[in-house]
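The values are calculated or read from the model by the stated rules, or taken from the named source; none is laboratory data. Computed from a predicted model, the values in this text were never measured in an experiment. So basically every Cβ, Gly included, is an ideal-geometry build from the backbone, and we count neighbours across all protein chains shown.
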């Protein structure tokens with residue numbers, strides 16, 4: 001008998017949406033997720049946001065961001081001096 | 001990489017710290033939470049570079065060569081760390097709290113008016129994402145950094161972080177939900193956004 005896809009809740013849809021990005025969703029899970037995304041606007045937004053999030057993360061990883069350097073993102077003066085003494 | 005000399009010649013060691021120190025530190029800081037551990041990793045990188053500088057043949061930019069050494073040092077650092085090996089992982093109350101008992105969002109995600117091509121990605125999203133990543137629990141941050149940011153294969157990430165494939169997926173799922181929530185709270189994708 002044909003197995004009808006079950007209706008997911010948002011929590012399960014969020015988990016599947018992520019797992020799909022990491023490449024481990026069965027065909028059946030893809031169908032149940034797609035059905036949920038048709039009926040739930042919030043999860044559709046989330047699904048798109050995950051795409052943007054991964055895109056931004058890759059960009060951040062490959063080039064950092066060009067914003068002003070803040071103290072927490074630079075070596076402390078003490079660490080810099082210590083390194084300069086070691087590396088000559 | 002933005003800063004650093006683009007020359008493929010070996011720069012004199014006395015300028016390394018000024019020219020490449022912050023670049024290496026920022027690279028480590030995105031992936032390793034502890035500030036002093038990051039400084040330690042930068043130091044280890046410079047020392048290894050000093051020791052092996054004759055191996056630098058100008059086949060890439062010097063900055064890229066240094067980052068390559070730092071990557072190896074970071075993988076060793078991750079392998080050395082003790083992690084929660086429990087299966088399933090303990091609950092993440094912040095993520096669980098995003099949903100009601102029926103599994104519905106307590107606060108539905110809003111539409112983000114932003115595309116990957118927008119200049120706002122560079123100016124707004126990347127700095128906000130960096131801050132949001134800093135707020136992630138260490139295990140989630142490492143899983144997200146290696147799997148998504150650095151695009152490593154999941155088998156490699158599982159090995160480096162000593163986690164099962166199932167737990168890696170759980171960590172990535174939790175990290176994405178927290179990051180999504182954090183970015184939305186910072187107003188990303190909305191015209192009335194708040195910087196921070």
Self-check item: Any hit, the stretch B:34-50, residues being farther than 13 Å from residue A:79 by Cα, modelled with pLDDT under 90 and within 16 Å of the chain's Cα centre (by Cα)
Solution: yes
Practice problem: Among residues belonging to the stretch B:157-168 that are surrounded by fewer than 20 Cβ atoms within 10 Å (Cβ to Cβ) and under 12 Å from residue A:19 (Cα atoms), point out the one that is farthest from the other protein chains (Cβ to nearest Cβ). | Solution: B:166
Practice problem: Count, please, the residues in the stretch A:14-29 that happen to be surrounded by fewer than 17 Cβ atoms within 10 Å (Cβ to Cβ), more than 9 Å from chain B (Cβ to nearest Cβ) and assigned to a loop (DSSP other than H, G, I, E, B). | Solution: 1
Exercise. Name, by its number, the condition in (1) away from chain A (no Cβ under 13 Å); (2) at pLDDT 90 or above; (3) over 27 Å from residue B:139 (Cβ atoms) that does not hold for residue B:6.
Key: (2)
Quiz item: For the stretch B:129-156, which residues satisfy the criterion of being within 9 Å of another protein chain (Cβ to nearest Cβ) and buried (at least 20 other Cβ atoms within 10 Å of the Cβ)?
Solution: B:129, B:130, B:133, B:144, B:145, B:147, B:148, B:149
Quiz item: Would you pick out the residues in the stretch A:42-57 that are under 11 Å from residue B:129 (Cβ atoms) and surrounded by fewer than 17 Cβ atoms within 10 Å (Cβ to Cβ)?
Solution: A:55
Practice problem: Please work out if residue A:33 is closer than 23 Å to residue B:117 by Cβ and buried (at least 18 other Cβ atoms within 10 Å of the Cβ). | Solution: no
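Among the residues that make up the stretch B:95-104, is at least one of them under 21 Å from the mean Cα position of the chain (by Cα), modelled with pLDDT of 90 or more and within 12 Å of another protein chain (Cβ to nearest Cβ)? Full working, then the answer.
So the first thing to find is which residues in the stretch B:95-104 are under 21 Å from the mean Cα position of the chain (by Cα), and the list is B:95.
Now narrow it down to the ones that are modelled with pLDDT of 90 or more: B:95.
Imposing the further condition that a residue be within 12 Å of another protein chain (Cβ to nearest Cβ) reduces the set to B:95.
Looking for residues that are under 21 Å from the mean Cα position of the chain (by Cα), modelled with pLDDT of 90 or more and within 12 Å of another protein chain (Cβ to nearest Cβ), one finds at least one in the stretch B:95-104, hence yes.
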Quiz item: Here are some conditions: (1) within 20 Å of residue B:71 (Cβ to Cβ); (2) part of a helix (DSSP H, G or I). Residue B:169 meets all but one. Which one does it not meet?
Solution: (1)
Self-check item: Which numbered condition residue B:123 fails, given (1) more than 9 Å from chain A (Cβ to nearest Cβ); (2) over 14 Å from the mean Cα position of the chain (by Cα)
Solution: (1)
Exercise. Starting from residues that are at the interface with chain B (Cβ under 8 Å from one of its Cβ atoms) and over 11 Å from residue B:21 (Cα atoms), keep the ones in the stretch A:74-86 and report whichever is modelled with the lowest pLDDT.
Key: A:86
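Say whether the condition of being more than 7 Å from chain B (Cβ to nearest Cβ) and at pLDDT 90 or above is met by at least one residue in the stretch A:52-63.
Applying the first criterion (more than 7 Å from chain B (Cβ to nearest Cβ)) to the stretch A:52-63 yields A:62.
Of the ones still in play, those that are also at pLDDT 90 or above are none.
Looking through the stretch A:52-63, none of the residues is more than 7 Å from chain B (Cβ to nearest Cβ) and at pLDDT 90 or above.
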